[in-house]
Amino acid sequence: MLISGLKIIVKSLKFNDCGQDRQLFSVLYAEPPTITIDPEMKDGISVRAGDTIIISASKIVGKPPPTAIWSKKGRELKNSDIVTITSTPTSSTLAIKYASRKNTGEYTITASNPFGIKEEHVKVKVASLAWTKPLHDGGSLITGYVIEAQKKDTDQWVHVATIKALDYTVTDLIEGAEYTFRIIAVNASGRSDPRESRPAIIKEQTSAPSFDLRGVYQKTVIAKAGDRLKVEIPVLGKPRPVVSWKKGDTGLKETQRINIETTLTSTILNINEIKRTDGGQYSMTGKNMLGTVSETITVLVHDIPGPPTGPIKLEEVSYASYSSPVVVMAGEVFKLEASVTGRPIPSLVWTKEGKELEDTAKMEIKTSDFHTTLINKDSLRRDGGTFTLTASNPGGFAKFIYNVKVLDRPGPPDSLTVTDVTAEKSCSTLRLFVPIRGRPAPEVKWSREHGESLDKANIEITPSFTTLQVDNVDRYDGGKYTVTIENASGSKTAFVNVRVLDTPGAPQNLIVKEVTKDSVSLVWDSSWKVGDLEEGKMYFFRILAENEYGIGLPVETLEPIKVSERPLPPGKVSLREVTSKSVTLTWEKPDHDGGSRITGYAVEMQGRGSEMWTQVMRNVSELRFRVTGLLENHSYEFRVAAENAAGVGMPSVPTVYYKALDPVFKPGPPNNPKVVDTSRSTVSLTWGKPIYDGGCEVQAYIVEACNGASDEWFMCTPPTGIVNTKFTVTKLLEKHEYQFRVCAINKVGIGEHADVPGKILLEEKLEAPDLELDADMRKMINIRAASTLRLFVPVRGRPAPEVKWGKADGEIKETAQIDNTSSYASLVIENVDRFDSGKYTLTAENASGIKSVFISVRVLDSPGPPANFMVKEITKNSVTLTWEPPQLDGGSKIKQYIVEKRESTRKVYSPITTCNKMSWKVEPLPEGGIFFFRVLAENEYGVGLPAKTIEPVKISEKPQPPGKVSVVDVTHSTVTLTWEKPQHDGGSRITHYEVELAPKDSEAWSVCASVKALETIVTNLLKGEEYQFRVVAVNDKGKSDPRQLAHSVVAKDLVIEPAVRPKVSSYKRGFIKENNFIPVLSSPIPILYARFHLSLIFLLERSGFFAVLLDIRPPTIVFVSLHVQMHSHLRAAIPEKVLHW
């Protein structure tokens, strides 16, 4: 039966199968478009001015799926700031914002495909006046409404119109003028009192810009460093304002990480992976023709503190250095003190168990610049504990901890508090810290509210505290944790509620409430109707909850749901084998099964003269049924109804009345006997049941054969016959011709025989192997991941071929189920994935030949990992990543790539970006940081497997060149060089420096020294040769550019006569100060000494080139004559240089 409105295209194919013509028909359905408009819109719609016009085509049907276009007066409508068109393959909706008079008119939706065009029209009226019906119609039907208008400064009411609708658009008004309108209801008895409107000025609706900041508490947004910040601010105003953003006083520069998104109703600030530096004042400015408005919000970024730097030292800590606890008796005084060093002068703070202590009468705190003392009087047991002294200045901080015990008589366990509870996202670490006090030391016991196991917990118990730590927490670790402490004096209990921030669990109580031919209604904690489903298809459904931490666990339907409705009535019902006590009914399948498999049939009967149908049997699985228990010589009629998953359908047309009588006839001849196979000694026959069975069931069949050489028929089956409608005759003579016939037997006797056409010559047939692929297998087979792949191929050939399965680009999965017989070959792979895609080969071979076919399978899955993922370039604040498309794209085009990073100290990757290209530069990154990177491909079926960096990547580059290079000393075979550190080490510690030399005016540089210090002595130089030098800094990323000595150096001894060059202004007669310096110039270094009053000699240590330190310590106040005599090991003594004070 054809479906109304469909076109059928029939393609006929002919082929020869062993000499017989067969016809194959390919039937393709084509359906012209149809459009269903919502019923309330068919007669037109009225919209109040300023509201939104919404027109919906709820159902658009056609094969192939039609294309939908909206238009007005022949002009196509497209998406804009005002117009929004939302279309799916089966529906389309048109929305027009801020409706005005110019939007009044007829709108058309046109759906078209290659087999037709369909249009539907909707009239829209934008009304400037609207009202409701009177509360009472006066007992008579309202026949219409009178509209009148009055212009300001006039007393005259002017008739505008008389209508029956509840809205109207008044035209031909004067722009800028003010009008008042009134409405009068009219029935058969007359007019009602008028209802007046408020005065209205005729002008286009406008409003000044403004921002709705009600969703931003106190105009402050707080975010955690590394999170994604999204701030959406509604924007008001007509016409729509233009919005710009600033950070501080500078316009906000959009980057890949920071960008502004604008919608029709709001402006959105997006900051990915927010940093501490992103905090501050953000201002937005909206502007339209009526004015300008600005608002400011504050963004606070919570981050860990930066690393402290030193040095600060606590030294000279009193009270036996406090290496052991301070123990005092109750009522005594204890004193804690310490000396501190550091520049600038550190600030000193005493705390006890995290609380800052203050100077009181009982606890006295004395603090000077570099010393502090804490004195506690009349000590009590509660005065004991941990005291911390913290010294801090801009250079960093230092701490020292004092443990004080006050001995007193024991008391019950006390101060059971639970602190330091942290439960971040799943996979974080939960830590519970509980300080304990009590004498004797109490016993500690941890437990959970419902007795859950604590096997995952790591519990530590000491006399002063207990801790519970759970690594890698998940949602099941949440709940109430209880700690109980007990000693001889009593017990105490405390608890803490822990909430693990994780994705939600599975929704509860999922049931299928209703199934129709195109929808399924699901109910759980909520409900949803899934529409536009394909009739007859099997579906699984699952529900997943989502919160701010991601998508949780699913709950699924246990069995597949078939989308269907009740079936049509079965076809014609016929009576077979009527006896005096029973009758056998047969019937045809319904023309349509309702979209769901027929599960059974219900058989009913009704006796003549009765008005009630009696159900004989339900859930009959076959198309026949034997009704028993009939009364002989009574007349009955019968009917049958089909049943599927949706229920029992309508019954068939009843049969004519039949009388229950025993049959009296033999059966007719079997139907269409034929030969289906032969060999050198066998013939296989098949036939159908007789068209007429004589009124009772056929009990058996007899097969007879006749050898053409004798013309005598002999029985091939047992005398009682066989039940089946096929039989293989054996032990025949090769090269002989035979004829065959078949007859049926019922309880009355043997019926008429039916001859098999022609004579059959027995000989062995050789047939080359043949593999029959149906039309679907000749195309690409697409199958969803996690489904079951079933390949079934009929096999022919004589002798029976040997069949083998293979895969062109790899091995078939070990779990595959292969079943090969002489007549077919099958391959079944359950739970397929992307790696099961490819070309499968099937080969059949026998003595007559060989035949191979291939079947292409594409598993629709998320893609495999991108290929050739590598780090292309690293700088001090960025990494450039490159990759190639995955070898397995999952059967779908790659939509985008997801780039993620992970710090080496963390376990979770965080997203960086999504992109459509094969490379990405990740920036900015913290210099010196260590990261892992990975990239994942995504297609329409999901995110695929990742490609990762195997080793961690350090964010650094080669260092800058060293600073200035200087010569310190030169001899005939050595040169002493010094240099300064590079201005930047490239983000990685400098491992060493390489010193290179080359003859003057030569580029033949060679490494002469490799050192870690900032100086070296180059040896083994040739006397009198002139050299040039340069220095290179080296770190993990490579060598810097060289820094060359400004001038070349000749290898020779340098001799300078010793000379004293005092600064006259600094060495005048007067007081001798500590640490006076006298400049001295000499090479080699001279030996220096001094005389004081001709009798006292101050020996001076060797110095460098330019300065000698005379250390004459005060407070001696004398007048001296200082003699300095210098000797050089290269010449005789030089006369004294005398300097007087």
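Only aspartates and glutamates eight or more places from Lys1023 in sequence, or on another chain, were considered; those with a Cα closer than 17 Å are Asp969, Asp1053.
Apply the a/c threshold of 1.5 to the C-alpha gyration tensor of region 670-762 and tell me whether it is rounded, prolate or oblate.
On the way: a/c = 2.16, a/b = 1.97, b/c = 1.09.
Prolate.
Grab the Cα-Cα distance for Thr171 and Gln469, subtract it from 0.36 nm times how many residues apart they are, and report the gain in nm with one decimal.
99.6 nm
If you add up the charges near Gly649, with Lys and Arg at +1 and Asp and Glu at -1, over every other residue whose beta carbon is less than 10 angstrom from its beta carbon, what do you get? Here the charged neighbours net out to -2.
Ignoring lysines fewer than eight residues from Lys562 along the same chain, the ones with Cα atoms less than 20 angstrom from its Cα are Lys513, Lys517, Lys529, Lys537, Lys589. Per-residue ellipticity at 222 nm computed for the chain from its helices equals 0 deg cm²/dmol, with DSSP H segments shorter than 4 residues left out and the rest contributing -39,500 (n - 2.57). Solvent-accessible area assigned to carbon and sulfur over the chain amounts to 51 percent, based on a 1.4 Å probe.
Distance between the modelled labels on Glu358 and Val158, one decimal in nanometres: 8.1 nm (7 Å Cα→Cβ projection).
Applying both filters, DSSP loop and at most 11 other Cβ atoms within 10 Å, to the GluC sites (Glu not before Pro) of region 675-731 gives Glu712.
Going by average Cβ density within 10 Å per residue, which order do the peptides 1029-1037, 592-600, 490-498, 1003-1011 take, highest to lowest?
1029-1037, 592-600, 490-498, 1003-1011
Between beta-carbons, use under 14 Å as the cut-off and find the net charge around Phe727, counting Lys and Arg +1, Asp and Glu -1. It works out to a net charge of +2. A value for Rg and Dmax of the Cα atoms in Å was derived from the coordinates, and within the list (1) 50.5, 166; (2) 40.8, 141; (3) 37.8, 125 it appears as (1).
Please give the FRET efficiency for Leu380 paired with Val1007, using the beta carbon to beta carbon distance and R0 = 60 Å, rounded to the nearest 0.05.
That gives a FRET efficiency of 0.25.
Could you tell me the distance between the Cα centroids of region 748-801 and region 862-899, to the nearest Å? Taking the Cα centre of each part, region 748-801 and region 862-899 sit 49 Å apart. Extension gain, Ala808-Arg182: 0.36 nm per intervening residue step, less the Cα-Cα distance, totals 216.9 nm. When only alpha carbons are used to place a centre, region 480-537 and region 610-656 end up 48 Å from one another. Between Asp227 and Ile274, the built amide H atoms are under 5 Å apart, and every one of these is 5 or more places off in sequence or on another chain. Between Thr815 and Ala768, the contour length at 0.36 nm per residue exceeds the Cα-Cα span by 13.8 nm.
Each peptide in 358-365, 83-90 was scored by the mean count of other Cβ atoms within 10 Å over its residues; highest first, the order is 83-90, 358-365.
Using the structure shown, select from Lys219/Lys246; Lys456/Lys901; Lys224/Lys253 the pairs with a Cα to Cα distance greater than 20 angstrom.
Lys456/Lys901; Lys224/Lys253
For the pair Leu733 and Asp833, a Förster radius of 41 Å applied to the C-beta separation gives a FRET efficiency near 0.10, rounded to the nearest 0.05. Remark: spin-label model distance Thr493-Ser80 equals 7.2 nm, labels positioned 7 Å along the Cα→Cβ axis. In units of the rule-of-thumb radius 2.2 N^0.38 Å, region 574-660 shows an alpha carbon radius of gyration of 1.09.
Under a 1.4 Å probe, what is the accessible area of region 55-99 per residue, stated in Å²? Please report the intermediate quantities before stating the final value.
Working: 2590 Å² over 45 residues.
Heavy-atom SASA per residue in region 55-99 reads 58 Å².
Measure up Lys97/Lys230; Lys813/Lys907; Lys230/Lys352 against 30 Å on the Cα-Cα distance and list the ones that go over. Pairs exceeding 30 Å: Lys813/Lys907; Lys230/Lys352. Look at the alpha carbon pairs under 8 Å that are at least 6 residues apart: their mean separation over the length of the chain gives a relative contact order of 3 percent. Sorting the segments 61-73, 855-867, 808-820 by their mean number of nearby beta carbons within 10 angstrom, highest to lowest, gives 855-867, 61-73, 808-820. A crude spin-label estimate for the pair Glu449 and Asp369, with each label 7 Å from Cα along the Cβ direction, gives 5.9 nm.
The values are calculated or read from the model by the stated rules, or taken from the named source; none is laboratory data. Quick caveat: nothing in here was measured; it's all calculated off a predicted structure. FYI the Cβ positions are ideal-geometry reconstructions off the backbone, even for glycines, and counts take in every protein chain you see. The protein model used for the area step is the full one, side chains on, heavy atoms only, and it has no ligands, DNA or RNA in it. Shrake-Rupley method; radii C 1.70, N 1.55, O 1.52, S 1.80 Å.
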